[in-house]
Amino acid sequence: QVQLVESGGGLVQPGGSLRLSCAASGSIFRLSTMGWYRQAPGKQRELVAIMFSHGSTTYADSVRGRFTISRNNAKNTIYLQMGNLKPEDTAVYYCNVRSSSGTNYWGQGTQVTVST
């Protein structure tokens, strides 16, 4: 079974950068679809970025060009590189892995706060 733990969140100034990591206690399969989601206070959870099993990526319009999703299969880790951060990026960020069999795994979330 895959368990995901996010890290790398914190406080950053607008325009700054932050790199989130999501480490798996189990293995992350090459065929897995991976994604990052976020939930801001008072708002519903939204998709931030997805990396499909074949390697293609999709980003929310609000982060496209600023965020990059990636993975390191050898380290069983997925990443979200965030640049030019804005206050509206403030949220709890969750990583998600969907196995080829259709099972979803979620991390516990890491807080990202963009503020002066």
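The values are calculated or read from the model by the stated rules, or taken from the named source; none is laboratory data. Fair warning: this is a prediction, and the values are worked out from it, not measured in the lab. All Cβ positions, even for glycine, are placed from backbone atoms using ideal geometry, and neighbour counts span all protein chains on display. Remember, those area values only see protein heavy atoms, side chains included, never the ligands or the DNA or RNA. Shrake-Rupley method; radii C 1.70, N 1.55, O 1.52, S 1.80 Å.
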Notebook entry, point to check: Looking at (1) modelled with pLDDT of 95 or more; (2) in contact with a Ser or Thr (Cβ under 9 Å, 6 or more places away or on another chain); (3) assigned to a strand (DSSP E or B), which is the only condition TRP36 fails?
Noted result: (2)
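Here is a yes/no grid of residues against (1) in a strand (DSSP E or B); (2) under 26 Å from SER25 (Cβ atoms):
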{"residue": "GLY42", "(1), (2)": "no, no"}
{"residue": "SER62", "(1), (2)": "no, no"}
{"residue": "ILE78", "(1), (2)": "yes, yes"}
{"residue": "ASN96", "(1), (2)": "yes, yes"}
{"residue": "SER100", "(1), (2)": "no, yes"}
{"residue": "GLN111", "(1), (2)": "yes, yes"}
Item checked: Any hit, the stretch 13-23, residues being open to solvent by 50 Å² or more (accessible area, probe 1.4 Å), over 11 Å from the mean Cα position of the chain (by Cα) and without any contact (Cβ under 8 Å) to a residue 40 or more places away in the chain -> no
Notebook entry, point to check: For residues in the stretch 80-94 being part of a loop (DSSP other than H, G, I, E, B) and within 22 Å of GLY42 (Cβ to Cβ), which is most open to solvent (accessible area, probe 1.4 Å)?
Noted result: LYS86
Next item on the list: For the stretch 3-56, enumerate the residues that are under 21 Å from VAL112 (Cβ atoms) and of a type in the set (Ser, Thr, Tyr).
Entry: SER7, SER17, SER21, TYR37
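Select, from ALA74, ALA49, the only residue that is among the small types (Gly, Ala, Ser) and either part of a helix (DSSP H, G or I) or surrounded by fewer than 17 Cβ atoms within 10 Å (Cβ to Cβ) (or both).
Numbers: ALA49 fails: either part of a helix (DSSP H, G or I) or surrounded by fewer than 17 Cβ atoms within 10 Å (Cβ to Cβ) (or both).
On inspection, the qualifying residue turns out to be ALA74.
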